[in-house]
Structures are given as structure tokens and as C-alpha cells.
Amino acid sequence: MKERLQQLKEEALQQIQSSEDNKQLQDTRVYYLGKKGQITEVLKGMGKLSKEERPVIGQLANEVRDTLTEALEEKDAELEAIKINKQLREEAVDVTLPGKPAQNGGPHLLMEVIRDIEDLFISMGYQVAEGPEVETDYYNFEALNLPKGHPARDMQDSFYITEELLMRTHTSPVQARTMLAHEGRGPVKIICPGKVYRRDTDDATHSHQFTQIEGLYVDENVRMSDLKGTLNALAKHLFGEDREIRLRPSFFPFTEPSVELDISCKVCGGEGCSVCKGTGWIEILGAGLVHPNVLQKAGFDPEKYTGFAFGMGPERIAMLKYGIEDIRHFYTNDVRFLKQFHKA
Ligand code: PHE
């Protein structure tokens, strides 16, 4: 029996050593140490032993069991370590491989144009003002000398929410709001960028939502020549020192007289081409001297104060400046379009 136990021990140790995975190791454990395993089989013969031999064999059997258990544990740890190392090798990241470059965002072209114009006017002493996009009929029209039923309301097809509320069709209501806040005391010198809405069918040159920048200067003795000088500075800042400007008579209910600002066409140098529609001039914005009715409604004395106002579309300016042929490019957010205008 002694020999049999020794023999089993040697045999088992060898098998443990040569095991290649945990499954094999587990099978070996069951085969030798399990309830119906080899050692147990041997011990079944204990009954036949003499009183003296029994404790000796018992002790030996325990030793064999301890030795094997220890060997199994060691081997198990060893196999586990091999497995982990293999996994680490296989899943290793090659840090020398080139990475995916991060895509940098940047301000939208429209924001760039708006900020550029804001900066110019801030440098001339203007403040930036804002107003609500959901506007009352009063501020959008009435306060601007456009009473209900006035035919000029048709110039700006509107999205009405209720009888009295609409999406503002222009940034001009901010003129009235700001003047009221000044309680009849000048000067008022503001620039007002923002979104506006019109019931238009979207195409290459129309959008139901676009942006505008409004300007307003009210003080004593503000004259047409002040407006002209300001617009001249704006046109040259935006399109270059070599551009000529001209003011062409126009009509807006909230200004009198009203003008439109044209700049000379750079594409043809005044000869006439498709960009300037053969005229040599390109229309940029609407402007004029603030109508006395508008001053009065906003609490300013038209005998004492005069002013000028202008309104322009940053989309139109960007389209002319960068040769963009479709207004929808501003809103569809195709990165290929947008990233052409990122500075860095
Ligand atoms: N609000 C006018 C428009 O949207 C533009 C404008 C503003 C004209 C201020 C004159 C003075 O067409």
C-alpha cells in the first residue's frame, strides 16, 4: 500500500507538471483526489491493515494529499500567469501607430461676419443690443410707422403666432425697444445682430430664417452726411478700400428719406457683369434717417433729436465677400463648406 501511494504521488506530480491548461489540471485533481479518485480507492483497503500499520498509512496518505494539493495550486497559479501574459501580449496597443487626428471646430462663417461688423461698430462707440425673436405686432410694425393695414406690411411676409404676436421679420423692433429704454434722452448708439423670420419659400437666395444687423444712432444734429460717412467706413472695412459707394433713393416706412447702399462691383470693375446684373453696382443694405413718427412713438422729441438707422443681412455680405452662390449653405452645416472658412 505504501508503494502504491508513493507511486500514485509520483505519477500525479508528473501529470500536474505536464498539464497545459486549467481544464487538464482540474481533471487530474478529480482523478487522484476526487471522491472516487485513486487515493480514495487505495484507502478503501485500510480495513485489511494491522492496528500498527493503519496510522502510518493514514499519515502517508495525508502527506500525499497535501503535497498534491500544493502542487495543484502552484501549477494553477503558473497556468493563470501564462494565460494573463499571453492575453497582455495579444491585446497590446502599439503606441507607435499614428493616431486619428482630432477635428477642430471653429466659429460659423456667419458668426465671423457678425463679430467683425460688431467689432467695427464697437470701435466707433456703439453698444451691442438685443431683442426678442418672438415679437409683438406693436414693436415689429406699429412702432415703426407701419399701422395695421399699411400696404408696406406686405413687403415682409410674416409668421404670426397670434393676432398680436409674430416671429420678428427684421431687427428694427430693437430700435423702438432701445429708444424707449433711454426715456427720451440721447445719444442712442447701438448695433443689433439677431435672427429674423419671413414666410418665404427657401431657395438659393431666400430663407425663412436668416440674420440681420441693425444699426441706430440718435442724437442732436445727426445728419445724412453722418450716415453716409458711417456706411462708407463699413463698406470699405468689409470689401476693401478700393470700393466706391453710392446711396440710391428707396422707401422704408420707418425712415425718411430712405436709401439703399450700393458698392461698386469688383468683378467687372463697373463695366457690368452677372454679379452686378449689368449695373456695375451691388446692393448691400437699407438705411435712412429715422422717421419723426418713430422717434415720437419711442419717446424722443423729433424737434430736438434726429437719427439714422440701417439694416443689413450678414448672409448677403458673406455671399458677396466669399462668392457663395446658395444661402442654404449657411444652414445645412456641411463640414466641407464650413471648414473652408476656419482661420486656423
Ligand atoms: N428693416 C429693414 C428690412 O428688413 C432694413 C432697414 C433697417 C432699413 C433700418 C432702413 C433702416 O428690410
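I'd like the residue in region 221-254 that is under 24 Å from M155 (Cα atoms) and basic (K, R) and, out of all such residues, is surrounded by the most Cβ atoms within 10 Å (Cβ to Cβ).
The qualifying residue surrounded by the most Cβ atoms within 10 Å (Cβ to Cβ) is R246.
Could you give every pair whose Cβ atoms fall below 6 Å, whose first residue belongs to region 262-286 and is in the same structural domain as E244 (by TED's automatic domain parsing), and whose second residue is away from the ligand (no atom under 16 Å from the Cβ) and among the charged types (D, E, K, R), counting only separations of at least 6 or pairs across chains?
Listed pairs, sorted by first residue: D262/R246; I263/R243; S264/R243; S264/E244.
Can you give me the number of residues within region 12-25 that are assigned to a helix (DSSP H, G or I) and surrounded by 14 or more Cβ atoms within 10 Å (Cβ to Cβ)? Full working, then the answer.
Residues of region 12-25 assigned to a helix (DSSP H, G or I): 12-18, 22-25.
Filter once more, so that each one left must be surrounded by 14 or more Cβ atoms within 10 Å (Cβ to Cβ): 12-13, 15-16, 24-25.
Residues meeting the conditions: 6.
Do the conditions hold for T171, that is, is it free of Cβ contacts under 8 Å to residues at least 60 places away in the same chain and either of a type in the set (A, V, I, L, M) or in the same structural domain as E130 (by TED's automatic domain parsing) (or both)?
no
Looking at region 126-136, is at least one residue of a type outside the set (A, V, I, L, M), modelled with pLDDT under 95 and assigned by TED's automatic domain parsing to the domain that holds A233? Steps first, please.
Residues of region 126-136 of a type outside the set (A, V, I, L, M): 126-127, 130-133, 135-136.
In the following step, the residues that additionally are modelled with pLDDT under 95 were identified as none.
Checked against the condition, which is being of a type outside the set (A, V, I, L, M), modelled with pLDDT under 95 and assigned by TED's automatic domain parsing to the domain that holds A233, region 126-136 yields no hits at all.
Does region 33-41 contain any residue that is surrounded by 13 or more Cβ atoms within 10 Å (Cβ to Cβ), farther than 30 Å from A318 by Cβ and under 60 Å from the mean Cα position of the chain (by Cα)?
No, because not a single residue in region 33-41 is surrounded by 13 or more Cβ atoms within 10 Å (Cβ to Cβ), farther than 30 Å from A318 by Cβ and under 60 Å from the mean Cα position of the chain (by Cα).
Filter region 147-199 for residues that are of a type outside the set (D, E, K, R) and within 11 Å of the ligand (Cβ to nearest atom) and give the result.
Just the residues of region 147-199 that are of a type outside the set (D, E, K, R), to begin with: 147, 149-152, 155-156, 158-162, 165-167, 169-176, 178-182, 184, 186-188, 190-194, 196-197.
Once the filter is applied, which keeps residues that are of a type outside the set (D, E, K, R) and within 11 Å of the ligand (Cβ to nearest atom), region 147-199 yields A152, M155, Q156, T169, H170, T171, S172, P173, V174, Q175, C192, V196.
Take the residues in region 195-220 that are over 24 Å from the mean Cα position of the chain (by Cα) and part of a strand (DSSP E or B); name whichever of them is surrounded by the fewest Cβ atoms within 10 Å (Cβ to Cβ).
Per the criteria, the residue is D219.
Does P147 fit the bill of being surrounded by 13 or more Cβ atoms within 10 Å (Cβ to Cβ) and either within 30 Å of the chain's Cα centre (by Cα) or free of Cβ contacts under 8 Å to residues at least 12 places away in the same chain (or both)? Explain how you work it out, then say what you get.
Working: surrounded by 13 or more Cβ atoms within 10 Å (Cβ to Cβ): no; either within 30 Å of the chain's Cα centre (by Cα) or free of Cβ contacts under 8 Å to residues at least 12 places away in the same chain (or both): yes.
No; evaluated as a whole, the condition is false for this residue.
Is one or more of the residues making up region 272-291 within 16 Å of the ligand (Cβ to nearest atom) and among the polar types (S, T, N, Q)?
Step one: list which residues in region 272-291 are within 16 Å of the ligand (Cβ to nearest atom), which gives 283-291.
Now restrict to residues that are among the polar types (S, T, N, Q): none.
No; the residues of region 272-291 include none that is within 16 Å of the ligand (Cβ to nearest atom) and among the polar types (S, T, N, Q).
Answer with yes or no whether L234 is in a loop (DSSP other than H, G, I, E, B), within 16 Å of the ligand (Cβ to nearest atom), over 29 Å from the mean Cα position of the chain (by Cα) and of a type outside the set (V, I, T). Before the answer, list the steps.
Values: in a loop (DSSP other than H, G, I, E, B): no; within 16 Å of the ligand (Cβ to nearest atom): yes; over 29 Å from the mean Cα position of the chain (by Cα): yes; of a type outside the set (V, I, T): yes.
Considered against the rule, which asks whether it is in a loop (DSSP other than H, G, I, E, B), within 16 Å of the ligand (Cβ to nearest atom), over 29 Å from the mean Cα position of the chain (by Cα) and of a type outside the set (V, I, T), L234 comes out as no.
Could you tell me whether G184 is small (G, A, S) and under 27 Å from the mean Cα position of the chain (by Cα)?
Working: small (G, A, S): yes; under 27 Å from the mean Cα position of the chain (by Cα): no.
No, not satisfied.
For region 120-144, how many residues meet the condition of being surrounded by fewer than 18 Cβ atoms within 10 Å (Cβ to Cβ) and in a strand (DSSP E or B)?
4
From (1) under 39 Å from the mean Cα position of the chain (by Cα); (2) of a type in the set (D, E, K, R); (3) at pLDDT below 95, pick out the condition that doesn't hold for E315.
Every condition holds for E315 apart from (3).
The values are calculated or read from the model by the stated rules, or taken from the named source; none is laboratory data. Remember, predicted model here, so these are calculated numbers, not experimental data. We place every Cβ from the backbone using ideal geometry, glycine too, and count neighbours over all the protein chains shown.
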